[in-house]
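*Asks:* One structure coming up, written as structure tokens, with questions to follow.
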Amino acid sequence: MEFNSYSYLLALIPVVALFWALPPVARRWYVLVLSLGFYASWGATYAFLPIAICGAVFWCAHRMLAAGETPAGRRWFLGGIAFVLIVLSYFKYANFFLDNFARLIRMFGAEPGWGAVQVALPLGISFYSFEAISFLIDSRQGRVKKPAFLDMSLFVLFWPHLVAGPIVRVRELVPQFSFSKKFDASMLALGLDRLLWGLVQKNVFANPLGSWVDDGFRPAATASLSTIDGWALAVAFGLQIYFDFASYSNMAIGTARLMGVTLPENFRHPYHAVSPPDFWGRWHMTLSRWIRDYLFFPVNARYQAAPGPLYASLLGIMGLAGLWHGAGWGFIAWGLLQGLYLVLYRIWESATESRPGWKEALPVRLGWRLATLAMVMTAWIPFRASTGEQAAVMLKMMYTGFRFHLSQPVNFYLIVAGFVVFCALEPWLGEKIEQAGRSLEARTGNPHNLVLARPLLYAVCLLLFLAFDARDAKFIYFQF
Amino acid sequence: MTGAARLAAFAVFQTLALLGVLLWLRPVGAVNRAIDWLAGLSPEAAMTIPVRRQPDLHETSLGDAPKASFERLAARWHDVAPRRRVLFTGNSQMQMAVLAPNERLRPEPERTYFDWVAEGLAGRGVSCYRLSAGALSYSEALWYLTYLTGRPETTPGLVILQTNYAGFANGGVREGIAALLDDEAFAARIEKLAADPAWALSEPAREALARHRRQREASGPATGASPAGETAAAGHRLETATRAWLDRAVPGLAIRDLHKVDVYSLLFRARVHVARIRSGGARSIAPARLAASRAALEAIAALCRERGIRLIIFRAPVNPSVTLFKTESDRTGYEEFLAGLCKRYGGTLLDFEASVPAAEWGNGVDGPDPLHLGRAGHKRLAELLIERIAPQLGL
């Protein structure tokens, strides 16, 4: 059951109404049962997995806290993390490792005696594994006090963020699971704003772009692409994945908001970034902070000011972030490229430390802004390409083998250009709509504009969602 | 119930009621009509004109699911002598009508040139069949012919292949046609074609084969990197049931696709009136795509010669008020290739490119249609074709 399915949207009305009708204590169990049902709707067989992870991690955390700062406590901590990583590796990476090991063996003339493991990828495993790890680390560092199993289960399984994030932290979510807030009409307004905008982003923006991108990235079409096509396809995929993932995050945030729960933001106009680090402060923000807090800071605490190890760790950590996205060399290449961008920016920052005026100069700021955009779009090529060879051909076409014909229909370029303009104006438009809403509310005294104005906007969003209905179009991040 | 809850319930009610009104009103369609009116267009110019669809004469799925059509064709041609079987294949030009400025919509569906030809030859014992699809690539035409010639009862005696320069820009094999790979004997023939790495067509063939394999795996038991058992899952079944129920219960919901057509039509009008970009402009086709299309035509001609099927390639008419070629070498390349192809493989080349006057061409939202004929244009082309085909059939 996906957020953009009719059954989900239809079920949400009575589900939310009943939630608010229940006493707060009962709401906790109600949400847990619904979360399990939501996950099981994709396949009951695999619903045991997040429950098993919750159980194992809670047990490890419990024993770890009981043992305190002793070697046994440390063993429980590492054991819990190892358990989660082993489960994740088995389901997500087993075939990747076996396949690559087999290739390595074949290079030495031997024939490996194993085939592929028959294993299906459980939905959202990368997301709830990271949350389980963050629970263990936060418990170890004293940020979680005497966690209850129900809290822990709700933290990992809460259905709005279960399948594709945002990746939450214990301290921002668990306190909200008292569900003690009183219903306020603003929850409905803010929740529906995000939910319905997410539906439009998915069905009207991401899916149609996806059809063009799928066509353009067909391996058979690669050889006929020009430099313009390569860049247009990189931009088109960059826009598709942004709208697709941002739509899911919006729907997750909106659904949670309907129950009075605030989830962290995941996107903040990422293509307006002024530098590579700024991009990571705007793109999949909850993954960025997870990597920063649980990988980057602990690893770099040892290196302090040594640039070599710092750069190596940046590359390594971003390579792992790429691998987190999927078991493929294209994802790793994407992560390494992002790491390289961060390193280059750090080098630039170090080199210009003594000349602060340089950084503020308009041409420099503009240059970094454009370069960041170009670098980010470039990195999407290996991420999306079917093979390494295809990525190499497209990158060559974009940067060295200049050809300027148009091999796609003119509508493709027009649509990409239209979305680029929309993306450029998105923050400004958002602000203007908000201002107009506030001013209308002040003039009419209509609370949250919930009489006529907001419902009309909601109806238009729903109409667009229904008109661009594409049942089989999955969310890209579901495969991660 | 608190005041906030009442307000929330009222907001949800208003949203659903307004949605119902919007579904019924089709507001974007109304905007499109207003734009056309302001631009001085006749209502017909903006319409998709209904054309005849006869399962005995046409592959009615237009490439989406041709297998069922071919079963019907096999039953029909079973008793027709092979030399009397004529297969027409081509792109949308063969299956669409766009009314000319002086033509008005009639209650009965329009006939395309194929319908006139089929009717004209039927009385002389010839059985025609149209195998067309919008933006049909020559690779797809090859797949079709490879499939049909795999069975004696669907093998034609004469293939009439419609070409235009724009058709060389189409590539790949769509999913509906790739689904023919379910037939194992056909799949084996395509795999043989795909195995030749030097051939320009092997890559699209390999790609279609791989895609088809993935699809078959996905519809089987859950394996590989896909969400577990999704199609059989409760959520999937619930969604199917919900959609079926909503389509029945909510008036206007079943035709929600039309709102998308309205939005795309609005964007098209923006393209025409604001960006001033019209359809069918002159272009040069990318070398790799051109090579793949030429390779497909070579393969079609070779297949026909191998199977003793006569081949007529006819250069379809083009609206004299437009040109499809960006450069003169695009034109000479196209003309020389088709002439050479017919010479090499013993086919017949008919040139109808300049055979229909400008007044008999369709007129759309963006002006004269470069490729789609009006009512009179279809009739004129049909008469010319019958005149030239009849001797080939010994009539």
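Computed from the coordinates by the stated procedures, all read-outs in this text should not be read as laboratory data. Please read all numbers here as calculations on a predicted model, not as lab measurements. Positions of Cβ are generated from backbone atoms using ideal geometry, with glycine treated the same way; all protein chains shown enter the neighbour counts.
*Asks:* What does the extension gain come out to for A:A52 and A:A17, with contour length at 0.36 nm per residue minus their alpha carbon separation?
*Replies:* Gain on stretching A:A52 to A:A17: 9.5 nm.
*Asks:* In addition: Given the Cα atoms of chain B, and with Rh set as the inverse mean 1/r over their pairs in the Kirkwood sense, what is Rg to Rh to two decimals?
*Replies:* Value, to two decimals: 1.02.
*Asks:* Could you work out which residue, out of B:D79, B:D36, B:D351, moves most in a Gaussian network model of chain B, that is, has the largest mean-square fluctuation with Cα springs under 10 Å?
*Replies:* Looking only at B:D79, B:D36, B:D351, the biggest GNM fluctuation is shown by B:D79.
*Asks:* Still on this structure, I have one more. Cross-link partners among aspartates and glutamates for B:K379, C-alpha distance below 18 Å, same-chain residues fewer than 8 apart left out?
*Replies:* Of all the aspartates and glutamates, those that pass the test against B:K379 - Cα under 18 Å, at least 8 places apart if same chain - are B:E103, B:E108, B:E110, B:D115, B:E119, B:D351, B:E353, B:E360, B:D369, B:E387.
*Asks:* If amide hydrogens are placed 1.01 Å from N in the peptide plane, which non-local residues have theirs closer than 5 Å to the one on B:G364?
*Replies:* B:D369
*Asks:* Between B:G123, B:G157, B:G63, find the one with the highest GNM mean-square fluctuation for chain B; connect C-alpha pairs within less than 10 Å.
*Replies:* B:G123
*Asks:* Between A:R438 and B:A291, with labels modelled 7 Å along Cα→Cβ, what's the label distance in nm to one decimal, could you check?
*Replies:* 6.0
*Asks:* Run through the stretch B:81-163 and list the trypsin sites (Lys or Arg not before Pro) located in a DSSP loop whose Cβ has at most 12 other Cβ atoms within 10 Å.
*Replies:* Passing both the DSSP loop test and the Cβ count: B:R104, B:R124.
*Asks:* Moving to a separate point now. Could you calculate the FRET efficiency of A:H272 with A:A470 from 1/(1 + (r/R0)^6), where r is the beta carbon distance between them and R0 is 22 Å, rounded to 0.05?
*Replies:* Efficiency for this residue pair is about 0.20.
*Asks:* To continue, here is another question. State which stretch of chain A is the longest one without any exposed trypsin sites (Lys or Arg not before Pro), exposure meaning a DSSP loop state and at most 10 other Cβ atoms within 10 Å.
*Replies:* That gives A:303-480 as the longest site-free run.
*Asks:* While we're on this one: Rounded to the nearest 0.05, what FRET efficiency do B:V261 and B:R151 have when you use their Cβ-Cβ distance and R0 = 35 Å?
*Replies:* 0.40
*Asks:* Right, another one. Under 8 Å for C-alpha pairs, at least 6 residues apart: give me the relative contact order for the stretch A:187-399, rounded to a whole percent.
*Replies:* After rounding, I find 25 percent.
*Asks:* Then there is this: Identify the GluC sites (Glu not before Pro) of the stretch A:308-402 meeting these criteria: DSSP loop state and at most 10 other C-beta atoms within 10 Å of the C-beta.
*Replies:* A:E353
*Asks:* Using alpha carbons only, how many degrees (0 to 90, rounded to 10) separate the axis of helix B:27-38 from the longest principal axis of chain B?
*Replies:* So the inclination is approximately 60 degrees.
*Asks:* At what distance in nm do the modelled label points of A:F297 and A:V364 sit from each other, each positioned 7 Å from its Cα along Cα→Cβ?
*Replies:* 2.9
*Asks:* Taking every residue in B:236-249, how many Cβ atoms of other protein chains lie within 10 Å of its Cβ, on average?
*Replies:* 4
*Asks:* Follow-up. Specify the residue with the greatest mean-square fluctuation among B:E335, B:E239, B:E207, computed from a Gaussian network of chain B linking alpha-carbon atoms under 10 Å apart.
*Replies:* Sorting by GNM fluctuation, first place goes to B:E239.
*Asks:* Take B:L105 and B:I277, extend 7 Å from each Cα along the Cα→Cβ direction, and tell me the distance between the two endpoints in nm.
*Replies:* For the pair B:L105/B:I277, the computed spacing is 2.9 nm.
*Asks:* In whole Hz, what ³J(HN,Hα) sequence does the stretch B:138-149 give by Karplus (6.51, -1.76, 1.60; θ = phi - 60°), x for Gly and Pro?
*Replies:* Residue by residue, the stretch B:138-149 yields 5, 4, 5, 4, 5, 4, 4, 5, 4, 5, 5, 7 Hz.
*Asks:* So what are the stretch A:187-399's ellipsoid semi-axes, whole angstrom, largest first, if each one is the square root of 5 times an eigenvalue of the alpha-carbon gyration tensor?
*Replies:* For the stretch A:187-399, the semi-axes come out at 28, 26, 17 Å.
*Asks:* Follow-up. Would you mind calculating the relative contact order of chain B from Cα pairs under 8 angstrom and at least 6 residues apart, reporting the percent as a whole number?
*Replies:* Result for chain B is 23 percent.
*Asks:* Rg to Rh for the protein assembly as shown: what is it, with Cα atoms only and Rh by Kirkwood?
*Replies:* Here the Rg-to-Rh quotient is 1.00.
*Asks:* From the gyration tensor of the Cα coordinates in chain A, what semi-axes in whole Å does the equivalent ellipsoid have, largest first, with each one equal to sqrt(5λ)?
*Replies:* After diagonalising the Cα gyration tensor, the semi-axes are 34, 32, 24 Å.
*Asks:* I'd like the distance between the alpha-carbon centres of the stretch A:192-254 and the stretch A:48-81, rounded to an integer number of Å.
*Replies:* If you average the Cα positions of each part, the centres end up 40 Å apart.
*Asks:* Set Lys and Arg Cβ to +1 and Asp and Glu Cβ to -1, take the dipole of the stretch A:187-399 about its Cα centre, and tell me which of A:H269, A:I228, A:M377 lies farthest positive.
*Replies:* Going by the Cα projections, it comes out as A:H269.
*Asks:* Using 0.36 nm per residue of separation minus the Cα-Cα distance, give me the extension gain between A:D215 and A:V33 in nm, one decimal.
*Replies:* Contour length minus Cα-Cα distance gives 61.4 nm.
*Asks:* Given a Förster distance of 41 angstrom, what is the FRET efficiency for A:L344 paired with A:E431, based on the Cβ-Cβ distance and rounded to 0.05?
*Replies:* Efficiency for this residue pair is about 0.80.
*Asks:* When you look at the Cβ of every residue in A:451-460, what mean number of other chain Cβ atoms sits within 10 Å?
*Replies:* The shielding value for this peptide is 5.
*Asks:* Remind me, relative contact order of chain A in percent, using alpha carbon pairs under 8 angstrom and six or more residues apart?
*Replies:* Result for chain A is 18 percent.
*Asks:* In square nanometres, what is one fourth of the surface area of the convex hull spanned by the alpha carbons of the stretch A:13-150?
*Replies:* Result: 11.7 nm².
*Asks:* When the Karplus curve 6.51 cos²θ - 1.76 cosθ + 1.60 is applied with θ = phi - 60°, which whole-Hz ³J(HN,Hα) does each residue of the stretch B:204-213 get, with x for Gly and Pro?
*Replies:* Taking θ as phi minus 60°, the curve returns x, 5, 4, 5, 5, 5, 5, 5, 5, 4 Hz for the stretch B:204-213.
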